[in-house]
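To keep things clear, I will list the structure first and then write my remarks on it.
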Amino acid sequence: MTALATSDASSPCDAGSDQDVAAAPRADCIADSAGGLTFDVTDPGGEGAAYLLLRRRDAASADEDVRLPLSPAADGRLRAALPSSVELAEGRWNAYAEVGGTPRRLAPGVNDLRSLVDRAPSGARGYIAVRIPYATKQGNLSVRSWLRAPHAEIGELDIAGTSVTAHGRVYGTVLTGAAFAEASRRAEPERVERYEVTADGVEFSFGLRCDVLAESGPGPWDLWLRPAGESGPRIRLARLLDDVADKKQIFTYPSVRLDTAAHGPLDAGPYYTNDNDLSVRIREASAVEG
């Protein structure tokens, strides 16, 4: 994917400030392969201590705010560093320049995300931290964060008719002989389909049939990995390790038309959710996604 741009694709879920972004201070962002970010901010004006403020949307309180000191850098800019060792809870974080206690929403500059392309962390920490800066619909800078421990990263999807074969890699855990994958119907979490997993070290693959899932009628199925079988963790399958903050509209896959006796014509196929988790969509053939 494009890794160097003046702005990233806006999320369909974003809500942002309605401030005049033309007058807002701007931040260029550089990502590193460990999961850290560096922000270079144009002079926000004002007097007093300067910070890069990250505020998670829908946070329970301001106690969750993350403040990073802004220090003088080249070309009259101010720089703040968010190392991978600083925990950033999973979610969407609005970015501000705070000077003298007054926050101003930041506008996006150039995002250099080349280090995130084909990123493959060692997994030695037992978790993965992903932070991707992007532009909201309103033209503001936000950061999408994921923190998963352990994690199952989806790679290629092979689609042939009603069959889908998923390939992936685990981080922070090991695959055992008892490993299996499963699909759970979102409207009925107790309804589960299990799939045999083929493992090769930390790599895995499994296959599923969309026509079997469609027998239950319209509604999404969420995909999980059980690397140690019943006795171990249940890990949501997702694609996080690249430079794309919102994959739902970018990574799209063909659907297959199914004629079911109980539910009529249905369309079925894999898709990524708003959180970049992998699911299977089953919907009426005439349905139009909102």
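The values are calculated or read from the model by the stated rules, or taken from the named source; none is laboratory data. Nothing here was measured: the structure is a model prediction, and the numbers come from that model. Note that each Cβ is placed from the backbone with ideal geometry, even for glycine, and that neighbours are counted across all protein chains shown. Accessible surface areas use protein heavy atoms only, side chains included; no ligands, DNA or RNA. Shrake-Rupley method; radii C 1.70, N 1.55, O 1.52, S 1.80 Å.
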Chain lengthening between E156 and R114 when straightened (0.36 nm per residue, less Cα-Cα): 13.1 nm
Calculated [θ] (222 nm, deg cm²/dmol) that DSSP helices of n ≥ 4 give over the chain, each run adding -39,500 (n - 2.57): -500 deg cm²/dmol
The chain: relative contact order as a whole-number percent, Cα under 8 Å and 6+ apart: 16 percent
Whole-Hz ³J(HN,Hα) from phi, Karplus 6.51 cos²θ - 1.76 cosθ + 1.60, for region 197-202, glycine and proline x: 10, 9, 10, 9, x, 8
Three-way shape label, region 120-265, alpha-carbon gyration tensor, a/c 1.5: oblate
Percent accessible area from carbon and sulfur atoms, region 140-290, protein chains only, probe 1.4 Å: 48 percent
Largest-first ellipsoid semi-axes for region 55-199, taking √(5λ) over the Cα gyration tensor eigenvalues, angstrom: 37, 18, 16
Mean Cβ neighbour count within 10 Å, used as a protection proxy, ranking 193-200, 245-252, 36-43 highest first: 36-43, 245-252, 193-200
Taking region 151-284 and dividing mean pair separation by its residue count, relative contact order in percent (alpha carbons under 8 Å, at least six apart): 25 percent
Å² of accessible area per residue within the chain, as computed with a 1.4 Å probe and no ligands counted: 46 Å²
Share antiparallel - DSSP beta bridges, the chain, percent rounded to 5: 95 percent
Gyration tensor verdict on region 192-250 (Cα atoms; rounded if a/c is under 1.5, prolate if a/b is larger than b/c, oblate otherwise): oblate
Label of the coordinate-derived value, Kirkwood radius over Cα pairs in Å, listed as (1) 21.1; (2) 19.3; (3) 20.6: (3)
Contact order normalised by residue count of region 205-290, Cα under 8 Å, 6+ apart, percent: 34 percent
Highest-fluctuation residue, G207, G264, G126 considered, GNM on the chain with Cα pairs under 10 Å: G264
